[in-house]
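Trainee: Provided herewith is a single structure, encoded as structure tokens, for subsequent inquiry.
The values are calculated or read from the model by the stated rules, or taken from the named source; none is laboratory data. Model, not experiment: these values are computed from the prediction. All Cβ positions, glycine included, derive from the backbone under ideal geometry; neighbour counts span all protein chains shown. In case anyone asks, the SASA skips ligands and DNA or RNA and just uses the protein heavy atoms, side chains included. Shrake-Rupley method; radii C 1.70, N 1.55, O 1.52, S 1.80 Å.
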Amino acid sequence: MADLNDPARLAELRGAVLRADADAILDACVVRAAKLARSPIAVVSLLVRHVQLLRAQHGLPLELAVSCATSRSNSFCQLVVLDEVPLIVDDALRDERVPKELVESYGIRAYAGVPVRAHGHVLGALCVLDVVPRRFDQRIVGALEQLSIDVSGRLSALTLSEAPLASADVQERLVRVEQATRVLERALLALSPVIAAAQVATAGPRVDAARAIDASRATHVTPASLRAAVACWRDMGPVAEELCQEAAAIESASPCETASGLATEARAIARNLAEIGPLVRLAEGVLDGTLGEAAAAKGRALVLRGALDAHEAASAAVQRLRADALRARAATAGPGSGGAAAPPGAA
């Protein structure tokens, strides 16, 4: 049985793989899968640490199409990744293997999913779903497996799509990494209104009160602050991508042991930001009128816990990365270089 949190598997979830924008090849694959199986819903899922990202989808309810995610623990596809083989569910209501939240909330009754890979690691599944019990025969499973080759090829290509950075001094790159962590730290703080609003709207047993945003802050959430937070989150994507590129370039160019984990930490930050994204997109949907509050609430119930965990993890990772960058600057600075000294307030 595979480990969902295997660092090598998670390391392949990077770059353009995690973007929420449409991908023509993946979109064509899910449409084809739905037609092959004569199913109303088809999805390419990616199992990250806290959530299941829906990288391409056909036929999902509106709120799921907006958030492009569900909780990882509520997904059927987690079983595909764990076992690394196809999963067939004829009647989810009676199948003890699968979680029941999607059955209860969306009436999902039948499922067929096959693994999708990048560089040998199972990242998620290509799956079809139906709202009535049914049997998916081996012909359909074989067709999905054949189609998954195209999906896997595309995912592998997306992991390698980062453009190479122009040559630069390691010290210069380390300064940029440190600057990027400060930008992301401020941006994560600015996302608090979205999280506060979601916690208030979804108040119930799924929200751990001990970790909730301070109630006084939640009472001051306004549409303007939500819009500002949404805009802030959208600005974070390019910063996180550049951070990953800079950190990877430093690792490859510097013999300094302190720099050895920079790329891993930077990619973890990018993954966590992608896992916060579903909650932000739901808030945006309400603000722009795409989603009604009832539909948004259903979507929030599936992703709030993952977003809380990801926000906490990203905030901690940003601080660790900045500290590592400062140590690496000190370790790689030449004699007499001013780069060894940390700037004021850089703790």
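Trainee: For the subset of segment 36-50 comprising residues that are surrounded by 20 or more Cβ atoms within 10 Å (Cβ to Cβ) and within 15 Å of residue 276 (Cα to Cα), which member is nearest to the chain's Cα centre (by Cα)?
Mentor: To start, the set of residues in segment 36-50 that are surrounded by 20 or more Cβ atoms within 10 Å (Cβ to Cβ) comprises 37, 39, 41-48, 50.
Restricting the remaining residues to those that are within 15 Å of residue 276 (Cα to Cα) gives 46-48, 50.
Numbers: 46: 8, 47: 8, 48: 6, 50: 8 Å.
Ranking the qualifying residues of segment 36-50, first place goes to 48.
Trainee: Oh, and also: How many residues does segment 100-127 hold that are part of a strand (DSSP E or B) and of a type outside the set (Lys, Arg)? Even if it seems obvious, please write down each step before you answer.
Mentor: If we filter segment 100-127 for residues that are part of a strand (DSSP E or B), which is where we start, we get 110-118, 121-127.
Subsequent filtering for residues that are of a type outside the set (Lys, Arg) retains 110-116, 118, 121-127.
Here the count works out to 15.
Trainee: Still on this model: Restrict the check to segment 269-283 and report whether at least one residue is modelled with pLDDT of 95 or more and either of a type in the set (Asp, Glu) or open to solvent by 40 Å² or more (accessible area, probe 1.4 Å) (or both).
Mentor: Yes: one or more hits.
Trainee: Going residue by residue through segment 114-131, is there one that turns out to be open to solvent by less than 40 Å² (accessible area, probe 1.4 Å), small (Gly, Ala, Ser) and free of Cβ contacts under 8 Å to residues at least 40 places away in the same chain?
Mentor: Let us first name the residues in segment 114-131 that are open to solvent by less than 40 Å² (accessible area, probe 1.4 Å), namely 114-116, 118, 122-130.
Next cut, small (Gly, Ala, Ser) only: 118, 124-125.
Remaining after also requiring free of Cβ contacts under 8 Å to residues at least 40 places away in the same chain: none.
For segment 114-131, residues open to solvent by less than 40 Å² (accessible area, probe 1.4 Å), small (Gly, Ala, Ser) and free of Cβ contacts under 8 Å to residues at least 40 places away in the same chain: absent.
Trainee: Then there is this: Of these, 8, 20, which one is open to solvent by 40 Å² or more (accessible area, probe 1.4 Å) and closer than 21 Å to residue 303 by Cα?
Mentor: Working: 8 fails: closer than 21 Å to residue 303 by Cα.
Residue meeting the stated conditions: 20.
Trainee: Can you go through 176, 217, 186, 182 and tell me which one is among the basic types (Lys, Arg), open to solvent by 20 Å² or more (accessible area, probe 1.4 Å) and at pLDDT below 90?
Mentor: On the way: 176 fails: at pLDDT below 90; 186 fails: at pLDDT below 90; 182 fails: at pLDDT below 90.
None of the others qualify; the one that does is 217.
Trainee: Just to verify a result, which residue in segment 287-307, among those that are free of Cβ contacts under 8 Å to residues at least 24 places away in the same chain and within 22 Å of residue 231 (Cβ to Cβ), is least open to solvent (accessible area, probe 1.4 Å)? It would help to see each step written out before you state the result.
Mentor: Here is the first cut: in segment 287-307, the residues free of Cβ contacts under 8 Å to residues at least 24 places away in the same chain are 288-289, 292, 294.
Retained after the next criterion (residues that are within 22 Å of residue 231 (Cβ to Cβ)): 288-289.
Values: 288: 92, 289: 60 Å².
Of everything passing the filter in segment 287-307, 289 is least open to solvent (accessible area, probe 1.4 Å).
Trainee: Can you report the number of residues in segment 227-260 which are outside any helix (DSSP H, G or I) and open to solvent by 30 Å² or more (accessible area, probe 1.4 Å)?
Mentor: Our first condition is that a residue be outside any helix (DSSP H, G or I); within segment 227-260, this holds for 254-256, 260.
Still in the running and open to solvent by 30 Å² or more (accessible area, probe 1.4 Å): 255, 260.
Of the residues in segment 227-260, 2 are outside any helix (DSSP H, G or I) and open to solvent by 30 Å² or more (accessible area, probe 1.4 Å).
Trainee: Would you confirm whether any residue within segment 92-107 is crowded, with 20+ Cβ neighbours inside 10 Å, more than 20 Å from the chain's Cα centre (by Cα), closer than 14 Å to residue 130 by Cα and hydroxyl-bearing (Ser, Thr, Tyr)?
Mentor: No, that holds for no residue.
Trainee: Scan segment 31-50 and report the pairs whose first residue is free of Cβ contacts under 8 Å to residues at least 24 places away in the same chain and whose second residue is not in a loop (DSSP other than H, G, I, E, B), with Cβ atoms within less than 9 Å and a gap of 6+ or a chain change.
Mentor: Listed pairs, sorted by first residue: 35/42; 38/128; 38/130; 38/140.
Trainee: Just to be sure, is residue 322 out of contact with any Pro (no Cβ under 9 Å at 6 or more places or on another chain) and either polar (S, T, N, Q) or open to solvent by 40 Å² or more (accessible area, probe 1.4 Å) (or both)?
Mentor: Values: out of contact with any Pro (no Cβ under 9 Å at 6 or more places or on another chain): yes; either polar (S, T, N, Q) or open to solvent by 40 Å² or more (accessible area, probe 1.4 Å) (or both): no.
No.
Trainee: Based on this model, can you work out whether residue 224 counts as part of a helix (DSSP H, G or I), farther than 24 Å from residue 322 by Cβ, at pLDDT 85 or above and open to solvent by 60 Å² or more (accessible area, probe 1.4 Å)?
Mentor: Details: part of a helix (DSSP H, G or I): yes; farther than 24 Å from residue 322 by Cβ: yes; at pLDDT 85 or above: yes; open to solvent by 60 Å² or more (accessible area, probe 1.4 Å): yes.
Yes; evaluated as a whole, the condition is true for this residue.
Trainee: In segment 51-90, what residues are open to solvent by less than 40 Å² (accessible area, probe 1.4 Å) and assigned to a loop (DSSP other than H, G, I, E, B)? It would help to see each step written out before you state the result.
Mentor: Step one: list which residues in segment 51-90 are open to solvent by less than 40 Å² (accessible area, probe 1.4 Å), which gives 51-56, 60, 63-72, 74-82, 87, 89.
Across segment 51-90, the qualifying residues are 60, 68, 75, 76.
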